[in-house]
Amino acid sequence: MSTPETSRFVRLRVEIVLEIDDADAVTRAALDRISDDADMPADERTHAEGAVTEDTAEALAYLVDPFDLVSEVPGVELAQASWSSEPVDYDPDSPDWGVDEDDADEDEEGARG
């Protein structure tokens with residue numbers, strides 16, 4: 001199945017929508033994770049604490065680690081990861097809501113260009 005032309009690297013895209021039932025619990029957990037990170041420099045710690053206190057989506061980004069998603073998968077090693085979180089308007093019953101909504105817009109733009 002593997003040929004010299006086939007890349008060993010795979011980009012896995014995952015989109016998850018989470019409902020935050022207890023923003024304070026998320027913030028406290030993120031602050032705990034930051035305080036437990038002995039390798040984090042003091043200035044970065046101060047910035048991180050402010051960010052997670054002001055924004056629940058930022059706090060969630062401190063708690064979700066892509067490495068955790070693949071660390072138990074045999075035969076793979078995480079080469080690079082980036083992730084972000086942002087508040088979204090979510091209505092699962094809306095006909096306008098779709099998991100691939102952004103991808104569809106990008107595909108249509110790419111087809112025009």
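No lab work stands behind these numbers, since they all come straight from the coordinates. The model shown is predicted, which means the values in this text are computed figures rather than measured ones. For neighbour counting, all protein chains shown are included, and Cβ atoms are generated from backbone atoms with ideal geometry for every residue, glycine included.
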Divide, for the stretch 53-100, the radius of gyration over alpha carbons by 2.2 N^0.38 Å, where N is the residue count. 1.56
Per residue of the stretch 29-36, in order, report the coupling 6.51 cos²θ - 1.76 cosθ + 1.60 (Karplus, θ = phi - 60°) as ³J(HN,Hα) in whole Hz, putting x for Gly and Pro. 5, 5, 4, 5, 4, 5, 5, 7
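With a cut-off of 8 Å between alpha carbons and a minimum separation of six or more residues, what is the relative contact order of the stretch 19-80 in percent?
Numbers: 39 pairs, mean separation 19.4, N = 62.
Contact order relative to length: 31 percent.
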When N counts the residues of the stretch 23-64, how does its alpha-carbon radius of gyration compare numerically with 2.2 N^0.38 Å, as a ratio? 1.01
Taking the convex hull of the alpha carbon atoms in the stretch 1-74, what volume per residue do you get, in Å³? 157
Kindly provide the trypsin sites (Lys or Arg not before Pro) of the stretch 7-74 that DSSP labels as loop, not H, G, I, E or B, and whose Cβ sees at most 15 other Cβ atoms within 10 Å. Arg8, Arg11, Arg13
